[in-house]
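Below is one structure, written out as structure tokens, with a few remarks after it.
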Protein chains: 6
Amino acid sequence: MGSSVYVINPNSSQNVTAEIDRAVAPLRSADGPDIVCLSLPEGPPGIQSQRDVDGVIMPLLCKASELEDGASAFVVACFSDPGLHALREQSRRRVFGIAECGGLTALTLGQRFGVIAILPTSVPRHLCYFSAMGVMDRFAADLPIGLTVAELSDEAHTLGRMVDVGRTLKAAHGADVLVMGCAGMARYRAALEEAVGVPVIEPTQAAVAMAVGHVRLLQALAP
Amino acid sequence: MGSSVYVINPNSSQNVTAEIDRAVAPLRSADGPDIVCLSLPEGPPGIQSQRDVDGVIMPLLCKASELEDGASAFVVACFSDPGLHALREQSRRRVFGIAECGGLTALTLGQRFGVIAILPTSVPRHLCYFSAMGVMDRFAADLPIGLTVAELSDEAHTLGRMVDVGRTLKAAHGADVLVMGCAGMARYRAALEEAVGVPVIEPTQAAVAMAVGHVRLLQALAP
Amino acid sequence: MGSSVYVINPNSSQNVTAEIDRAVAPLRSADGPDIVCLSLPEGPPGIQSQRDVDGVIMPLLCKASELEDGASAFVVACFSDPGLHALREQSRRRVFGIAECGGLTALTLGQRFGVIAILPTSVPRHLCYFSAMGVMDRFAADLPIGLTVAELSDEAHTLGRMVDVGRTLKAAHGADVLVMGCAGMARYRAALEEAVGVPVIEPTQAAVAMAVGHVRLLQALAP
Amino acid sequence: MGSSVYVINPNSSQNVTAEIDRAVAPLRSADGPDIVCLSLPEGPPGIQSQRDVDGVIMPLLCKASELEDGASAFVVACFSDPGLHALREQSRRRVFGIAECGGLTALTLGQRFGVIAILPTSVPRHLCYFSAMGVMDRFAADLPIGLTVAELSDEAHTLGRMVDVGRTLKAAHGADVLVMGCAGMARYRAALEEAVGVPVIEPTQAAVAMAVGHVRLLQALAP
Amino acid sequence: MGSSVYVINPNSSQNVTAEIDRAVAPLRSADGPDIVCLSLPEGPPGIQSQRDVDGVIMPLLCKASELEDGASAFVVACFSDPGLHALREQSRRRVFGIAECGGLTALTLGQRFGVIAILPTSVPRHLCYFSAMGVMDRFAADLPIGLTVAELSDEAHTLGRMVDVGRTLKAAHGADVLVMGCAGMARYRAALEEAVGVPVIEPTQAAVAMAVGHVRLLQALAP
Amino acid sequence: MGSSVYVINPNSSQNVTAEIDRAVAPLRSADGPDIVCLSLPEGPPGIQSQRDVDGVIMPLLCKASELEDGASAFVVACFSDPGLHALREQSRRRVFGIAECGGLTALTLGQRFGVIAILPTSVPRHLCYFSAMGVMDRFAADLPIGLTVAELSDEAHTLGRMVDVGRTLKAAHGADVLVMGCAGMARYRAALEEAVGVPVIEPTQAAVAMAVGHVRLLQALAP
């Protein structure tokens, strides 16, 4: 078994990967597994549609195959968890998805979780996914901030929209914990939590934390 | 809008496509939409793994895109419904999946449906899918016949295994309707129904029936 | 087996039956089963209460018994599906209910379905029915237009109310597909779909489409 | 408001009514409401099919209407709860069904309830009903003893079959409380409970107990 | 077996116990079991937090142990049902919880039940409890009136808030039956029911009614 | 915020605590939080009954209160998660329960999780807990090994029973991931996984891994 936790951002954006890398930095330790974040050059600049989700699976499997020998675990770092089951089938390493780990971690922090999506079109996809996970009795709602890629570059406006949506999830839908429904937004987490007054899960952190724990436990068994 | 219902078998097996074609033949009528069954040459000989499922999505979308103008509806004819949501996103036509339509049609015929899978490895995939569909309260069980491709060529043995599994689904799991968890097996449907004593849904027939109905209703609205 | 799909409107309104007949006309074909729509003279002018629902069952069973020999399938054309299970028990033909088929067909078109009811008192009955169907995880809400029979004769006003309710189901309850919770309203379907911007299922069409498909498949097996 | 709790056995069997009367006798008190058990002469000798269930609704509503003025509550004493919702709609009194009250009372005594049915054909009807009640997460299984009316007259054999089925529900399905899925069987309750080793609910007792409590509370409010 | 139904209010407030005593008075009869309501001196003045809930369990078990010989049944009279399962384990008598019985009784009166809580912090606890009960498909919402202990002493204001919350549960969340999410509020029940226009369950009454019924049935079996 | 993750074994067994300490040792790192495992001297030698579960809550809260200033997180290390919600209410640190984390982590490894309990009496408690968690659609079954404390000291026999139960969960109940339903059994994990052929979650490891991840992320935010 290799030593690295590979966190694969299945889009081609180096900025998103860099943001993920910063988000998971606190999970690195001198005596723990490496945590290597990388983009998928074959992926689109951002994963917005179902086509984008499905389209990155084959290149993601190919990339993961190249990384297999050096890998101790994989994290798929897109909130639609593209290729999660196929990668689990392909790899001898354990594979974590950020939507799955984000949602499950939320269940340890509140009775009903709300999700802040970017695009309205992602909402039914998230619902279907959480339904497949079997956690709808704990689900409050999933609401989009509805900003375009251009608008997302305005950080104050983006945070403002996240806070608005978070407050609606709390007040109107009874959410007492929130999940950020997108990778690469970790810089807003603390401010969002502060403004809305409920815990906020950043899903790449949730998934990498579980991956690192798993790898440490596994390495302890190795001869 | 085009006039054809395109039934895309996302594997490359002409035999399976021919079997689907025979299965849906009774749904053709002189004054109704064409029903055109075709294979996906880029697909694997059979769809067995999650990788197979995910791997056919992009070629299936590409094929469907070429067919769009002539299409009145699409049917994805593999029991994992690969690319269903992506094709719905891409196409202006309505898109039907055989697992979805097979499972839903079963709900009109019994209180609890059982599924006869081919491979054991398909079972968790089916469970996840029916969970995403939100119908687990009506689900009895999903059991595999566990035959290899070579063994499937022995028709008597295949039918025998299907009957065994069907009887177990009925007696031990309370299924009062069965769904064949695979395309291209329609020739066994009547004998299986007879032997087990509960209705059996052949999923390509279920999906194409719904597609034809939709197209007829839509064409009636056209100017 | 007889050749006709009998669509039984279990109220005595010839107008409703005529509207159903027009709605399902596109599902007729030269070489397919007859589709015969008929009223139940013993039924009330409209089915509004639970008593109305239960009260039509015995006359409906009686009527269906007379029609049995000429029938290839039955459709119960009232959104409370009165007598559905009893007719399935009585008849050797397959029996379809419009609420069941309407709800199930909706699941192929959206993640969460909303229902437009006529009367407020029908709403808990619908909830109970969809709960029995086991599909509440996919259910958005069921809201009434709240018009009296007299008011329903004003078509523009009726459509206006349907559009209002449909928009509320979409915006406030997250419905991305709608089901018309009543037979005999097909003339509003296209306009409602256009105005609300999500697919709208007319349930008699959904049920008859499934019935016709079934009959065609069954007749192909006949010697 | 009248003073009697009317327990309507919707079949015509005086023996069953007499057995119900004995079962609920301990719930009578000098200063409490009368508890009057009666048969429905228009009903069949026993309620075995869905047709039987649906067929007794209108005569049951008619009978209840005659009794309305003297009634303080109604109990529908057949495990399919025929006409429960229609009678609630018709009557100004509260209406209890024995399947509903039996199932709900079971939830206070164990984590998963099993049901002992008489006929195999009742099982899917019960499942549909408990699904409509929304309690399937607490449901273990429903199994029939499978005896004919003639065989039911052999009490030792009937008890023996109930014990067999009860033990299977406990051992194989994890039931830790049982519900007798039929009225008129109260004489077996104590022996069954003793033999199987889990609490057993007799549903007419469960429903009449709730009805009597309700009437006492209501009468205390009367001027 | 003793003859008393012990209703244990696990807080130390004599006022609340007196109110419970008045609420259940109509359930007493000359020939029935005694109904004895008592406070738990070791309990807090009111049960507001999870710590309060958990903290009363041991003293409650101790008190119940002292009462065991004289008891025919126990009722735990706090809407968080503290110690319900532990008391069931300890005692040879049947044990009823007011939240459990209140929620279950509500299911006999409406399709979706709403709960009126006192404190916002109780809401997630209630949700978790109803989820454990497996009845979330019938659950509308749980909303707090949000009054402090001091404010609760103003009866008109308290009723006003209950009516406001009840109307919101009905209009915005579709509740057609309400449960008072607290013991000791029975004096508001009739006015609340009148003002909101749906049935209102007072949970100590619901639980004691079930307890009395049980005891009567059990005593009838005694030699 | 303190620096230690306190893992509180709420029984008084030093052996169990030592076993937990060994189990979580690989999760320690030079630059990470301390992980301190401790027993609760006031607790019983083992937690077997509901009374045991409820009885340790107050001493556990008291102990945690003493540890609060030095704590960065708490883990409650008993598979009934005693006091989880009360400790979350009391503490300013995040609190993890091993049943909750064990069950949630299992959802990342298989479609249906099975639980290996020690005592039969724990099974309904576990079912109730997983029902409260809202994950019953992913739950296969919970079966006890049924050994007494004395028998548990025979390690070979204990492992043998675990393997038997694990194989039954896999073969008869469709579990494709197992959770050990007890703390202090980590030494059997690898052998059990090997023998049954599905992943096995040791719940203290699952919970401590999540706790450590959380603490690292939180400490990175500290000024």
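Determine whether B:HIS126 is open to solvent by less than 20 Å² (accessible area, probe 1.4 Å) and within 14 Å of chain A (Cβ to nearest Cβ). Let's see the steps before the verdict.
Numbers: open to solvent by less than 20 Å² (accessible area, probe 1.4 Å): yes; within 14 Å of chain A (Cβ to nearest Cβ): yes.
When the stated conditions are applied, B:HIS126 passes them.
In the list E:GLN205, E:GLN219, which residue meets the criterion of being at pLDDT below 95 and of a type in the set (S, T, N, Q)?
Of E:GLN205, E:GLN219, the one residue that is at pLDDT below 95 and of a type in the set (S, T, N, Q) is E:GLN219.
Could you please find all residues in region E:25-43 being part of a loop (DSSP other than H, G, I, E, B) and open to solvent by less than 70 Å² (accessible area, probe 1.4 Å)?
Within region E:25-43, the subset part of a loop (DSSP other than H, G, I, E, B) is E:28-33, E:40-43.
Residues satisfying the conditions are E:SER29, E:GLY32, E:PRO33, E:LEU40, E:GLY43.
Kindly indicate whether any position in region B:91-106 is free of Cβ contacts under 8 Å to residues at least 40 places away in the same chain, farther than 19 Å from A:GLN50 by Cβ and β-branched (Val, Ile, Thr).
No, region B:91-106 contains no residue that is free of Cβ contacts under 8 Å to residues at least 40 places away in the same chain, farther than 19 Å from A:GLN50 by Cβ and β-branched (Val, Ile, Thr).
Looking only at residues in region D:134-152 that are buried (at least 21 other Cβ atoms within 10 Å of the Cβ) and part of a helix (DSSP H, G or I), which one is nearest to the chain's Cα centre (by Cα)?
Step by step, filter region D:134-152, then rank; the result is D:ARG138.
Looking at region B:116-129, I want the residues that are at positive phi and have a partner that is of a type in the set (A, V, I, L, M) and surrounded by 21 or more Cβ atoms within 10 Å (Cβ to Cβ) with Cβ atoms under 9 Å, at least 6 apart or on another chain. Which pairs are those?
Within 9 Å, no pair qualifies.
So, in region D:44-63, of the ones that are within 14 Å of the chain's Cα centre (by Cα) and buried (at least 20 other Cβ atoms within 10 Å of the Cβ), which residue ends up modelled with the highest pLDDT?
Ranking the candidates gives D:VAL53 first.
Being in contact with a strand residue (DSSP E or B) (Cβ under 7 Å, 6 or more places away or on another chain) and at the interface with another protein chain (Cβ under 7 Å from one of its Cβ atoms) is the filter; apply it to region C:198-213 and report the residue that is surrounded by the most Cβ atoms within 10 Å (Cβ to Cβ).
C:VAL212
Within region B:2-11, restricting attention to residues that are open to solvent by 10 Å² or more (accessible area, probe 1.4 Å) and under 12 Å from B:ALA77 (Cα atoms), which residue is modelled with the highest pLDDT?
B:TYR6
Is it the case that region B:157-171 has a residue that's within 20 Å of D:MET136 (Cβ to Cβ) and not hydrophobic (A, V, I, L, M, F, W, C)? Break it down stepwise before answering.
Initially, region B:157-171 is screened for residues within 20 Å of D:MET136 (Cβ to Cβ), giving B:169-170.
Right, trim to not hydrophobic (A, V, I, L, M, F, W, C) and you get B:170.
Within region B:157-171, one or more residues are within 20 Å of D:MET136 (Cβ to Cβ) and not hydrophobic (A, V, I, L, M, F, W, C).
Regarding B:LEU159, is this residue away from chain C (no Cβ under 14 Å), more than 25 Å from B:VAL24 (Cα to Cα), open to solvent by 10 Å² or more (accessible area, probe 1.4 Å) and of a type outside the set (S, T, N, Q)? Lay out the reasoning, then the answer.
Values: away from chain C (no Cβ under 14 Å): yes; more than 25 Å from B:VAL24 (Cα to Cα): no; open to solvent by 10 Å² or more (accessible area, probe 1.4 Å): yes; of a type outside the set (S, T, N, Q): yes.
In short, no.
What is the residue count in region E:2-56 for residues that are more than 14 Å from chain D (Cβ to nearest Cβ) and of a type outside the set (Ser, Thr, Tyr)?
29
For region E:28-44, which positions are closer than 24 Å to E:SER65 by Cβ and hydrophobic (A, V, I, L, M, F, W, C)? Break it down into steps so the answer makes sense when it comes.
Residues of region E:28-44 closer than 24 Å to E:SER65 by Cβ: E:33-44.
If the condition is that a residue be closer than 24 Å to E:SER65 by Cβ and hydrophobic (A, V, I, L, M, F, W, C), then E:ILE35, E:VAL36, E:CYS37, E:LEU38, E:LEU40 are the ones that fit.
Pairs only if they're at least six apart or on different chains, beta carbon under 6 angstrom, first in region E:78-90 and acidic (Asp, Glu), second buried (at least 22 other Cβ atoms within 10 Å of the Cβ) and in a helix (DSSP H, G or I); list them, first residue then second.
These pairs meet every condition: E:ASP81/E:ALA99; E:ASP81/E:GLU100; E:GLU89/F:GLN50.
Which of the numbered conditions does C:ALA206 fail, given that it passes all the others? Conditions: (1) farther than 19 Å from C:GLY102 by Cα; (2) in contact with a Cys (Cβ under 8 Å, 6 or more places away or on another chain).
Result: C:ALA206 passes all but (1).
State yes or no: is C:CYS128 of a type outside the set (Ser, Thr, Tyr) and assigned by TED's automatic domain parsing to the domain that holds C:MET162? Explain how you work it out, then say what you get.
On the way: of a type outside the set (Ser, Thr, Tyr): yes; assigned by TED's automatic domain parsing to the domain that holds C:MET162: yes.
Considered against the rule, which asks whether it is of a type outside the set (Ser, Thr, Tyr) and assigned by TED's automatic domain parsing to the domain that holds C:MET162, C:CYS128 comes out as yes.
Can you tell me how many residues in region F:171-187 are touching a strand residue (DSSP E or B) at 6+ places or on another chain (Cβ under 9 Å), surrounded by fewer than 20 Cβ atoms within 10 Å (Cβ to Cβ) and not small (Gly, Ala, Ser)?
1
The values are calculated or read from the model by the stated rules, or taken from the named source; none is laboratory data. In this text, all values refer to a predicted model and were calculated from it rather than measured experimentally. Note that each Cβ is placed from the backbone with ideal geometry, even for glycine, and that neighbours are counted across all protein chains shown. The accessibility values were calculated without ligands, DNA or RNA, using every heavy atom of the protein model including side chains. Shrake-Rupley method; radii C 1.70, N 1.55, O 1.52, S 1.80 Å.
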